[in-house]
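Below: one structure, written as structure tokens.
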Amino acid sequence: MAYYGRSPVRILHGEALQPFNSLALQASADALVTVATTEELLAACRWAQQRDLSVVPLGQGSNVVLAGDLNALVVLQQIPGIELIDQRGDTVTLRVGAGEDWHSLVQWSMEQGLYGLENLALIPGTVGAAPIQNIGAYGVELKSFVHAVHAIAIATGEQVSLSASECEFAYRYSVFKGRLQDRLVITAVDLRLSRRADIHIAYPALAAQLADFPGKEITPQQVFAAVVAIRSSKLPDPAVFPNAGSFFKNPQLPAAQASALAARFPDLPGYPQPDGSVKFAAAWMIEYCGWKAYREQDLGVHPEHALVLVNYGNNDGRQLLGLAGRIAASVRETFGIELHIEPRVYG
Ligand code: EPU
């Protein structure tokens, strides 16, 4: 037990990280600490700073690939709390602790009659991790609800707050993956939700799931239930089949390149973007190349969704990245498209 500042932080040494990443990969960290307050987080950052160790924050580890041991202090982020900080007309602003479970927050918001997050149900991970990759599903992205993100600067302990525009959100991207990568630990996220429903059900899989309600007014609760049903049927539960969700991002091509690709592969699903570019389904390309349900050495591609790599007991992050590299190479050969890995690789 080490004491820094006023708050004690319990630093564990040489800890195995397998329980702390949803791919259940084997790796160890020089040191590991759990923090439940900003003071504990500050103390942990100072402890690492004094030892010249880098800080690696982890929520539920649901979007990381541990490809080796980490020469770092891993900080398990468990800062809790949901606070109503503003209410104007139908708009309610919540400040949510970074350690809160994302899906529990979505469920809670539905129960409170606070709408907006229903399309983002059942996404694994914490609230603090959500802005980093701007989580998105079924036609909705987190960026539409973020009012501000609060964080601690690892090097100085300074508290910083970023507005939504300062977060530079884009598809599976934010400033936390760019210029500010490895510099901050997010402590809380301010989210703006609404008491008025604003339904988004144009995404094909969601529209199909809700087809039983033709002409009727769809409620956010029904959208929530539909998203939970789709995700449960297609995406493996990490507790049963360790995975990190989509392993690759969907590639986005400028209009001219997109129409050439669509002409070569007319069945390839594409989603036109407001700027004229088209986002294509990487899962379809991977399946077309014959990888769906592929299995080797206790690693594989999920039988129900080709974008999801599964660890069936291999536990070696480098081998998993090797398989991902071969999948990307075959997509490059067949489609001339470069796939990019979605989760953050450490080690
Ligand atoms: N498809 C295939 N083969 C498959 C799976 C899907 O051909 O094995 C086809 C589907 O038929 C569909 C298209 O690919 O036409 C898109 O599939 P899906 O609706 O499942 O979505 P996705 O593009 O594969 C993205 C996100 C998911 C998110 C869903 C729903 C990325 C990288 N992934 O997947 O996010 O849940 O849309 O919005 O953008 C994640 O990021 O971890 C994640 C699961």
So which pairs qualify, if the first residue must be in the range 125-145 and in contact (Cβ under 8 Å) with a residue 60 or more places away in the chain, the second must be within 10 Å of the ligand (Cβ to nearest atom) and of a type in the set (Gly, Ala, Ser), the Cβ gap must be under 8 Å, and the two must be at least 6 apart or on different chains? GLY125/SER62; ALA129/SER62; TYR138/ALA205
Can ALA281 be described as of a type in the set (Gly, Ala, Ser), within 16 Å of the ligand (Cβ to nearest atom), within 25 Å of PHE169 (Cβ to Cβ) and buried (at least 16 other Cβ atoms within 10 Å of the Cβ)? yes
Pick from GLU158, GLU141: which is within 16 Å of the ligand (Cβ to nearest atom) and either among the acidic types (Asp, Glu) or assigned by TED's automatic domain parsing to the domain that holds GLN50 (or both)? GLU141
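A quick yes/no check of all residues on (1) under 23 Å from ASN134 (Cβ atoms); (2) open to solvent by 10 Å² or more (accessible area, probe 1.4 Å); (3) without any contact (Cβ under 8 Å) to a residue 60 or more places away in the chain; (4) touching an Asp or Glu at 6+ places or on another chain (Cβ under 6 Å):
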{"position": "GLU15", "(1), (2), (3), (4)": "no, yes, yes, no"}
{"position": "ALA31", "(1), (2), (3), (4)": "no, no, yes, no"}
{"position": "THR38", "(1), (2), (3), (4)": "no, yes, no, no"}
{"position": "ARG46", "(1), (2), (3), (4)": "no, yes, no, no"}
{"position": "VAL75", "(1), (2), (3), (4)": "yes, no, no, no"}
{"position": "GLN87", "(1), (2), (3), (4)": "no, yes, yes, no"}
{"position": "LEU94", "(1), (2), (3), (4)": "yes, no, no, no"}
{"position": "LEU105", "(1), (2), (3), (4)": "yes, no, yes, no"}
{"position": "SER109", "(1), (2), (3), (4)": "yes, no, no, no"}
List pairs: first residue in the range 319-347 and under 25 Å from GLN26 (Cβ atoms), second residue among the polar types (S, T, N, Q) and outside any helix (DSSP H, G or I) anywhere in the structure, Cβ distance under 8 angstrom, at least six positions apart or on different chains. GLN319/GLN297; LEU320/ASN311; LEU320/ASN314; GLU342/ASN63; GLU342/GLN133; GLU342/SER246; PRO343/ASN63; ARG344/ASN63
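Within the range 19-109, which strands (runs of 3 or more DSSP E) (wholly inside it) include 3 or more residues that are more than 24 Å from ARG192 (Cα to Cα) and in contact with a strand residue (DSSP E or B) (Cβ under 9 Å, 6 or more places away or on another chain)?
28-35, 54-58, 64-66, 70-77
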Of all strands (runs of 3 or more DSSP E) completely enclosed by the range 184-276, which ones contain at least 1 residues that are open to solvent by 20 Å² or more (accessible area, probe 1.4 Å), away from the ligand (no atom under 16 Å from the Cβ) and outside the structural domain of ALA67 (by TED's automatic domain parsing)? 184-194
Only one of LEU114, LEU142, LEU184, LEU162 is among the aliphatic types (A, V, I, L, M), in contact with a Lys or Arg (Cβ under 7 Å, 6 or more places away or on another chain) and modelled with pLDDT of 95 or more. Can you tell me which? LEU114
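A quick yes/no check of all residues on (1) under 19 Å from SER233 (Cα atoms); (2) assigned to a strand (DSSP E or B); (3) within 16 Å of the ligand (Cβ to nearest atom); (4) touching a His at 6+ places or on another chain (Cβ under 6 Å):
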| residue | (1), (2), (3), (4) |
| --- | --- |
| GLU287 | yes, no, yes, no |
| LYS292 | yes, no, yes, no |
| GLU304 | yes, no, yes, no |
| GLN319 | no, no, no, no |
| ALA324 | no, no, yes, no |
| ALA329 | no, no, no, no |
| ILE337 | no, no, yes, no |
| VAL345 | no, yes, yes, no |
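The values are calculated or read from the model by the stated rules, or taken from the named source; none is laboratory data. For clarity, every value in this text was computed on a predicted model and none was experimentally measured. Here Cβ is always computed from backbone atoms with ideal geometry, including for glycine, and neighbour counts include all displayed protein chains. Areas reflect the complete protein model, heavy atoms only, side chains present, ligands, DNA and RNA absent. Shrake-Rupley method; radii C 1.70, N 1.55, O 1.52, S 1.80 Å.
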